[in-house]
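To keep things clear, I will list the structure first and then write my remarks on it.
The values are calculated or read from the model by the stated rules, or taken from the named source; none is laboratory data. Given the structure is predicted, the values throughout are model-derived calculations rather than measurements. Every residue, glycine as well, gets a Cβ built from its backbone with ideal geometry; the counts of neighbours run over all protein chains shown.
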Ligand code: GLP
């Protein structure tokens, strides 16, 4: 779905999330959200904060699972996705902290496998992700599932692609400071969500969006796997959709 600009598109996505939360409230159930970091979803989070503060939308029945975190990473680092999520979203909501899940960048290497398995289990215990929000990286990664990730991959420790590190270099004041690794939900984890919303803004994303939407389904562009999902929407602005 091509929107005029990222603002109206983000409003649309935030409304869909708010509707899910309200529906689940009526049912007396948790709404389970899969969340992304990066610049792409920030306006959606701004709208969700606005809905909470101005319209009284409660997040007490919301559980969240973030896609990924750099490894190693301390939660109070300016680069951490924990900090990003707190600043952009969680600190401004009435969400119960115990319902927030983000891959832990402080784990010892030997504890990562068990953590990742438990992450998958927690998602399953809550009945799976209702809405998974995604951005897309220049390599066609979703979460940090870089080229070569299989469609059935689960939450795990991965090595970041050179292109991804280059894209993150300015945030980290130099490529050499970008972590080599990350913990990410797998493509399979993402594909199990009931609904997926991939967002992309700006001309810089137009090539990879064309590839993701129209390209042959293949491991070298993990976002192409989303073509096989029965309920995935690409919510993009005109610039990101300019090559379609
Ligand atoms: C990072 C994140 C991805 C995100 C991508 C795009 O690599 N791990 O989840 O989709 O960046 O970032 P941006 O939204 O800033 O373009």
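Okay, here's what the table says:
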| quantity | calculated |
| --- | --- |
| From 191, 185, residue being buried (at least 18 other Cβ atoms within 10 Å of the Cβ) and more than 15 Å from the ligand (Cβ to nearest atom) | 191 |
| Residue within the stretch 152-166 that is surrounded by fewer than 21 Cβ atoms within 10 Å (Cβ to Cβ), touching a residue at least 12 places away in the same chain (Cβ under 8 Å) and more than 22 Å from residue 72 (Cα to Cα) present | yes |
| Residue ranges of helices (runs of 4 or more DSSP H) in the stretch 1-110 with at least 2 members more than 25 Å from residue 172 (Cα to Cα), more than 16 Å from the ligand (Cβ to nearest atom) and modelled with pLDDT of 95 or more | 6-27, 42-55 |
| Filtered residue count, the stretch 208-223, keeping only those that are out of contact with any helix residue (DSSP H, G or I) (no Cβ under 6 Å at 6 or more places or on another chain) and in contact (Cβ under 8 Å) with a residue 60 or more places away in the chain | 5 |
| Flag if residue 117 is in a helix (DSSP H, G or I), at pLDDT 95 or above, farther than 21 Å from residue 19 by Cα and more than 11 Å from the ligand (Cβ to nearest atom) | yes |
| Selection within the stretch 46-62 - within 16 Å of the chain's Cα centre (by Cα) and either at positive phi or surrounded by fewer than 22 Cβ atoms within 10 Å (Cβ to Cβ) (or both) | 46 |
| Hits in the stretch 194-204 - residues which are in contact with a strand residue (DSSP E or B) (Cβ under 9 Å, 6 or more places away or on another chain) and either more than 11 Å from the ligand (Cβ to nearest atom) or within 17 Å of residue 143 (Cβ to Cβ) (or both) | 194, 195, 196, 197, 198, 199, 200 |
| Residue within the stretch 168-179 that is touching a strand residue (DSSP E or B) at 6+ places or on another chain (Cβ under 9 Å), over 19 Å from residue 239 (Cα atoms) and crowded, with 23+ Cβ neighbours inside 10 Å present | no |
| Residues within the stretch 120-138 that are in contact (Cβ under 8 Å) with a residue 60 or more places away in the chain and either within 23 Å of residue 74 (Cα to Cα) or within 16 Å of the ligand (Cβ to nearest atom) (or both), tallied | 10 |
